[in-house]
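Asker: My questions all concern the structure below.
No value in this document is a laboratory result; all are computed from the given coordinates. Because the structure is predicted, anything quoted here is derived from the model rather than measured. So basically every Cβ, Gly included, is an ideal-geometry build from the backbone, and we count neighbours across all protein chains shown.
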Amino acid sequence: MYLVKNKKSPFYQIVYFVNGKRTTVSTKTKSKKEAEEFLLRFKNSKKQIEKKEVIKPKEPPKSISFSQFKTEYLKYVRSIKSKHYVKSIGLSFRQLENFLGDIPLVEIDTRTLDNFITTTFSRTERGAHLYYRTLKAAFTKAVSWDYINENPFKKITFPKVAKSHPVFISIEEFKLIRSYVNEEYLKDLFTVAFYTGMRVGEIVNMKCNWIDLSNNIITIRNGDDFKTKSKKERVIPFNQNLKAIFLKYISRELSLKNYIYVFTNKNGIKLNEDFVSKKFKKAVRKAGLSDQIHFHTLRHSFASLLVQKGVSLYIVKELLGHENLSTTQIYSHINSSNLKDAVNLL
């Protein structure tokens, strides 16, 4: 540490080094005597700071097994995530535990996880992508809980997945599928899904007080027994055809107070998501249509029909409840007329 004076400044400068890097501090004086006094004070202050700066050694991560972390993490996410998402997280944990066994969390390294992802990817691309996303988020939480020092998933480059356009059906194809459904309440339920884009979990949990018949809107609400995927409520308008359907079930609810859900079985019991999905799939197969058509196809079809009618992707985004426009942009290919118009300008 020493004093210098150069042409860049009229004041004396203190020169010292921090981790090998040359650093300067101005004394704010042209007097050498005052600069030397400043240097002495500066040296003393630096010594006092260095005495106070006691570097604490990093504590080793808390010892916990993979299964223990799985139990704790699943308990944590149940309070903030949807049942469907928690189910997918549980599946991801089971797959990884089957692959590596119940070993200490700190022993799980990037090489092992990279092997797990690539092995899974060769078998199921979609499954590997799900495991990668959910487990990466889980291990990030493990870092914040001081179970591991860093997230080993962050060093893994996920293999590229071939993107395909979502499957959707026309109004005529939907009517054909509907004709193979025997239960009237299921016909109505599928119709609501096709014309609102609601997820199966939202429909089976839809209560009569979600429906405003005066303004023809559905308000998808969060409650103790159900939360939307985004944890945000949203409003979906409906047309007169759906209003006629809702009137049947709302009037029933007024006369039978124990019916709080719009769609229930004949005994008034809340419907199960898997039951509804399987019933729809059964009708699809009876209609002789593509086996790629699932209940979620109704949601894709709702969005696709809107885009074909020229509805803005921003509006479709709000109706579907997407967090980001990038998710909604999977439907941008449907309205190809804009692309053709652009090319014809050449």
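Asker: Using each residue's phi in segment 26-40, evaluate 6.51 cos²θ - 1.76 cosθ + 1.60 at θ = phi - 60° and report the 3J(HN,Hα) Karplus result to the nearest Hz, with x for Gly and Pro.
Answerer: 3J(HN,Hα) across segment 26-40, in whole Hz: 6, 7, 6, 9, 8, 7, 5, 4, 5, 5, 5, 5, 4, 4, 4.
Asker: At q = 0.13 Å⁻¹, what log₁₀ I(q)/I(0) does a Debye calculation on the Cα points of the chain give, no solvent, two decimals?
Answerer: The calculated log intensity ratios at q = 0.13 Å⁻¹ are -1.10.
Asker: What is the fewest-to-most order of Y180, Y73 by other Cβ atoms lying within 10 Å of their Cβ?
Answerer: Going from sparsest to densest Cβ surroundings: Y180, Y73.
Asker: Right, something else. Let me have the relative contact order for the chain, percent, based on Cα pairs under 8 Å that are six or more residues apart.
Answerer: Here the relative contact order equals 13 percent.
Asker: For each of H294, H300, H84, count neighbouring Cβ atoms within 10 Å of the residue's Cβ, then give the residues from fewest to most.
Answerer: By the 10 Å Cβ count, ascending, the order reads H84, H294, H300.
Asker: Given segment 171-339 reduced to its alpha-carbon atoms as identical point scatterers, what log10 I(q)/I(0) does the Debye formula return at q = 0.09, 0.18, 0.19 Å⁻¹?
Answerer: Log10 I(q)/I(0), no solvent term: -0.31, -1.25, -1.38.
Asker: Volume per residue, Å³, of the convex hull around the alpha-carbon atoms of segment 2-52?
Answerer: 69
Asker: If you average the sequence gap of Cα pairs under 8 Å that are 6 or more apart and divide by the length of segment 2-52, what percent do you get for the contact order?
Answerer: Reported relative contact order: 28 percent.
Asker: Read phi for every residue in segment 15-23 and hand back ³J(HN,Hα) as whole Hz from Karplus 6.51 cos²θ - 1.76 cosθ + 1.60, θ = phi - 60°, with x for Gly and Pro.
Answerer: 10, 8, 10, 10, 6, x, 9, 5, 10
Asker: May I ask you to evaluate 6.51 cos²θ - 1.76 cosθ + 1.60, the Karplus curve with θ = phi - 60°, for each residue of segment 96-103 and list the ³J(HN,Hα) values in order in whole Hz, giving x for glycine and proline?
Answerer: Taking θ as phi minus 60°, the curve returns 5, 5, 5, 7, 10, x, 8, 9 Hz for segment 96-103.
Asker: Let me check against my output: what whole-number percent is the relative contact order of segment 115-165, with C-alpha pairs under 8 Å and at least 6 apart?
Answerer: 32
Asker: Sequence-distant or interchain residues sharing an amide H contact under 5 Å with I148, placed H: which?
Answerer: For I148, whose amide H was placed from the backbone, the distant partners under 5 Å are V143.
Asker: Same structure again: Which stretch or stretches of segment 65-101 have amide N atoms under 12 Å from the point lying 7 Å from S144's Cα along the Cα→Cβ direction?
Answerer: 77
Asker: Another question about this same structure. Return the inverse of the average 1/r over all pairs of distinct C-alpha atoms in segment 66-155, which is the Kirkwood hydrodynamic radius, in Å to one decimal.
Answerer: 13.2
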